[in-house]
Structures are given as structure tokens and as C-alpha cells.
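In what follows, a single structure is set out as C-alpha cells and then discussed.
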Amino acid sequence: PVAWRDRVLFGSDDGNFYCLAAGTGEPLWKFKAVPSDRRLIGNERLISVWPIRGGPVLKDGRVYFAAGVWPFEGVFIYCLDAATGKRIWLNDSTGHLYGQQPHNAVAIGGIAPQGYLLIDGDDLVVPSSNAYPGRFDLKTGALKDFKLPLGGRAPGGWYASLPGKAEQRKTKRKSLLADLGINVMRHEDRLRFEGTPGVRTTIRAGEQELKFANGLEGVPGKIHSMIAADGRLFVTTAAGGLYAFGEPGRTRPPLRPAGEGPGRARPPGPATALVASAPRHGYAVFLGAPDAATLHQLVAGTELHLIVVDSDPTRGADLRRQFVRSGAYGSRIAVILDDPATFEMPPY
């Protein structure tokens, strides 16, 4: 997500781009970035065929992002007005570029936008998996430069220069190649940013230098990311935890009750016949929301991933709140607001 003024903007696997009020979470606008409601199984739930995996970047009141990860299905790179959500430009022509592929064949390929977009002067830079990033005109969206890596080559890497045969005969010994690594320690109070990934897992907050690998007291498990902002240190973990550290006396009441963890909530009442006969693994789709007790029992008594399709926004919001509290929403259950009678599922 990106924060701008009093708003938070982000893309979603459902193919929509959202803008919320930062203070309340109230939806301000939503933009559908995909051509249809086609879905597939991804991240253990139903997502759009064109998830938004090109992370947004914002400048001068305009937000840029990309939808779609398989070039042959279509790739959509957008520029929107951050205040209104209105489209300024769209480039949907970079998923079918004809040229040489990494395996040396000439075929149709294209950009597969995955990662954080960035702005470099007048260019929008779009990362593309293992290929070179694409460069687009920031004002018009026109493609400026993009190349797939050639066979036997990968972006970046190391280069070596070997002595010639004459030099080897003169020294009468074999050449020695050594990779001594790159120094990422602080130099003149700054971190070097070349080479090893260690520099990407180190932050400096005040006079402290914090390394993700060293962990923090009170944070269980592996640290995924840290950021210092607003007088606090925010930490996320690989298990999905979010922690905030700050000066004593600045704490606030929790926004919601602490969850019991996915699948650990006690099922209310005796198991129904549906729950008793349900398979233990796989996916279960409900076209129309059942009672919440049945869903709680399925979460607690099986390993099923539950997908609930319902057209009632009030009922959908209530189910989401319940399972957010229990910690199961998103990982074990998802609610899709749609008409169950016309909802399209993948053919499998």
C-alpha cells in the first residue's frame, strides 16, 4: 500500500484497486482494473485471473500500478487520479510482445509485473519477475524499453576476466578465481547497498542499527520486515504477526480483541451432519452463506479452505468480522460479495 494525505491506496488479488480513509478505514473509491470476473485458485482462495501484483507508487496526485501476472492472459498498467480514482491512462499492450525468448526461440511474450513499481525521473519502472524491468513514459504510459533476458544470461550477476594462455604459460600455474563478497558494513555512517541481501534486512533507527536476523525481544518467530515511523518501530513476522514498539505511555487500546488463531476457536454446539460428513482437506464453496456456526465448526474440525459467496453486504460484513476476530479470515475462509445464481467458478 501507499499512504497519501489522509488516504491509503492498495491493490488486491480480486483485481480491484482500493482507496480508504486512513483514520477510519472507510472506502472512498474502488477501481476495477480487470476486464472480467474470471477467477482461479490462488493463495488458497479464489482470486482474479489478473491479480494486482505490481505494487503501487504515487507522485503528484497520481497513482501507478499493474494488474496481471501471465502475459498471455493480458497485462494492465494503470495511472489513476489518486483523489477520485478516475483513469488517466492505461497500457494493455505489453503482454504480447514478439521477440526472442530466454530459450532462444522467437515467440510472443511480455512483461509479467510483480514487485514494487518505482518512478525514475520521467519514467515509470515496472519490475518483471526474472526479466529486465520495463520502462514506460510517466505521462502517457507508452513503452520505452523492455527486453527479456537472452539465453545463458540473467539480469545482474558477476563478470570475470581470465588470463590468456600466454600468461598462464609464463606464470606456470593455474589461475585462481575468488569471490570475496561485498562489504555491507557501515562506512562513513552509511550503509553500502550493493550485492548481498543483508543490507535489505537492516535498518537504522536513531542511533540503533537493527538486523532482522537478530530478532527482537517480544517478537516470536522470523522477522519479515521492520519500519521506523511516527516515533515507533513496526515489525512484521513471516507468520503474519504485526508488532509496534514505542515510548511507554503511548500505547492505545487494541482495535479489536486478540484472535485465538486460525482453526482454534471452539465450535459452538454439536457438529452438524454436514460437518461430520465433510472431507478433511480441499476447498468448500457455499453459494449462499450458511449459518455462522456451521462455518466455525468446519474451520475447527477440518483443514478445508472455505469460500462463501453471498449477495447480502450486511451478512458478508458480519461473517468477515467474526472470522477476523478468530484469526481465520483470509487463511481459511473468504467471503465474496456476488450473486450466487450467476457466480462463475473456474472450470476445474
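Every condition in (1) part of a loop (DSSP other than H, G, I, E, B); (2) small (Gly, Ala, Ser); (3) exposed (fewer than 15 other Cβ atoms within 10 Å of the Cβ) holds for residue 95 except the one numbered (3).
Residues in segment 304-344 that are more than 23 Å from the chain's Cα centre (by Cα) and assigned to a loop (DSSP other than H, G, I, E, B): 10 in all.
Residues being touching a helix residue (DSSP H, G or I) at 6+ places or on another chain (Cβ under 8 Å) and either surrounded by fewer than 16 Cβ atoms within 10 Å (Cβ to Cβ) or among the polar types (S, T, N, Q) (or both): count how many of those fall in segment 106-146. Give the steps one after another, and end with the answer.
Within segment 106-146, the first condition is being touching a helix residue (DSSP H, G or I) at 6+ places or on another chain (Cβ under 8 Å), and the residues that meet it are 108-112.
Those still in the list that are either surrounded by fewer than 16 Cβ atoms within 10 Å (Cβ to Cβ) or among the polar types (S, T, N, Q) (or both) too: 108.
Count: 1.
Scan segment 279-299 residue by residue and report those that are in contact with a helix residue (DSSP H, G or I) (Cβ under 9 Å, 6 or more places away or on another chain) and not polar (S, T, N, Q). Quick ask: steps written out before the conclusion?
Applying the first criterion (in contact with a helix residue (DSSP H, G or I) (Cβ under 9 Å, 6 or more places away or on another chain)) to segment 279-299 yields 280, 284, 286, 289-290, 292, 294-299.
Within segment 279-299, 280, 284, 286, 289, 290, 292, 295, 296, 298, 299 qualify.
Residue 215 meets all of the listed conditions (1) modelled with pLDDT under 90; (2) of a type in the set (Gly, Ala, Ser); (3) surrounded by 15 or more Cβ atoms within 10 Å (Cβ to Cβ) but one, namely (1). Here are some residues: 296, 281. Which one is part of a loop (DSSP other than H, G, I, E, B) and modelled with pLDDT of 90 or more? Criteria check complete, one pass: 281.
Could you tell me which of the residues 41, 47, 88, 108 is within 24 Å of residue 148 (Cα to Cα) and either assigned to a strand (DSSP E or B) or not polar (S, T, N, Q) (or both)? Can you show your working first?
Working: 41 fails: within 24 Å of residue 148 (Cα to Cα); 47 fails: within 24 Å of residue 148 (Cα to Cα); 88 fails: within 24 Å of residue 148 (Cα to Cα).
Matching residue, one of 41, 47, 88, 108: 108.
Of all the criteria given as (1) in contact with a Leu (Cβ under 8 Å, 6 or more places away or on another chain); (2) of a type in the set (Ser, Thr, Tyr); (3) surrounded by fewer than 19 Cβ atoms within 10 Å (Cβ to Cβ), the one not satisfied by residue 12 is (1).
Would you check if residue 269 is at pLDDT 95 or above, more than 12 Å from residue 332 (Cβ to Cβ) and surrounded by fewer than 17 Cβ atoms within 10 Å (Cβ to Cβ)? Spell out the reasoning first.
Working: at pLDDT 95 or above: no; more than 12 Å from residue 332 (Cβ to Cβ): yes; surrounded by fewer than 17 Cβ atoms within 10 Å (Cβ to Cβ): yes.
It is false that residue 269 is at pLDDT 95 or above, more than 12 Å from residue 332 (Cβ to Cβ) and surrounded by fewer than 17 Cβ atoms within 10 Å (Cβ to Cβ).
Kindly indicate whether residue 329 is outside the structural domain of residue 281 (by TED's automatic domain parsing) and within 22 Å of residue 280 (Cβ to Cβ). No; evaluated as a whole, the condition is false for this residue.
For segment 319-338, filtered to residues that are in contact (Cβ under 8 Å) with a residue 40 or more places away in the chain and of a type in the set (S, T, N, Q), the residue that is surrounded by the most Cβ atoms within 10 Å (Cβ to Cβ) is 326. Scanning segment 35-70 for residues that are over 27 Å from residue 304 (Cβ atoms), over 14 Å from the mean Cα position of the chain (by Cα), surrounded by fewer than 21 Cβ atoms within 10 Å (Cβ to Cβ) and not small (Gly, Ala, Ser) yields 35, 58, 59, 60, 62, 70. Residue pairs whose Cβ atoms lie under 8 Å apart, sitting 6 or more positions apart in sequence or on different chains, and linking a residue in segment 113-137 that is not assigned by TED's automatic domain parsing to the domain that holds residue 99 to a partner that is outside any strand (DSSP E or B), do not occur here.
Of all residues in segment 66-112, those that are acidic (Asp, Glu) and either farther than 13 Å from residue 143 by Cβ or in contact (Cβ under 8 Å) with a residue 40 or more places away in the chain (or both) total 2. Residues that are part of a loop (DSSP other than H, G, I, E, B) and among the aromatic types (Phe, Trp, Tyr) were ranked within segment 50-85; the one that is farthest from residue 346 (Cα to Cα) is 70.
The values are calculated or read from the model by the stated rules, or taken from the named source; none is laboratory data. These figures come from a predicted structure and were not determined experimentally. A quick note on method: Cβ atoms are made from the backbone with ideal geometry, for glycine too, and the neighbour counts reach across all protein chains shown.
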